[in-house]
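The values are calculated or read from the model by the stated rules, or taken from the named source; none is laboratory data. All values derive from a computational prediction rather than experimental measurement. Glycine gets a Cβ as well: all are built from the backbone with ideal geometry, and neighbour counts include every protein chain shown.
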Amino acid sequence: MTTRMPTVTRRSLFLLPLLAALAQVPFALRPAAAQEVGVGVEVGVAPPPLRVETVPPPPSPAHEWVPGHWQWNGAQWVWRPGHYLRRPSPVSYWVPAAWVPTPSGRYRYVPGHWARR
């Protein structure tokens, strides 16, 4: 005797890969500052000097300027321009992303992030 899976269960199993794919959508919609190279990534080529940016007035007192930085795309350096982000709390401030030299002569990416005062 065979047992049939309930329709709901079969649908759920069918939707799992779709839901897993959709879970990635919020990442794609986040601001550019949040779409960074992964933590722990190292590059053998030094980034170019930071660019001087003209900082426009903030959209509100709750916004903080996130400075532009260089991002490695796997083949070359790409400039990610600065922009404003809304502070998660009044005591938050932005710690800029950085490429830190390592003892091996490579550069390790440290992503920008919010910190508390």
So is Leu29 among the hydrophobic types (A, V, I, L, M, F, W, C), under 13 Å from the mean Cα position of the chain (by Cα) and at pLDDT 95 or above or not?
-> no
With respect to Ala75, is the statement that it is hydrophobic (A, V, I, L, M, F, W, C) and assigned to a loop (DSSP other than H, G, I, E, B) true?
-> yes
Within the range 55-91, considering residues that are polar (S, T, N, Q) and surrounded by fewer than 17 Cβ atoms within 10 Å (Cβ to Cβ), the one farthest from the chain's Cα centre (by Cα) | Ser60
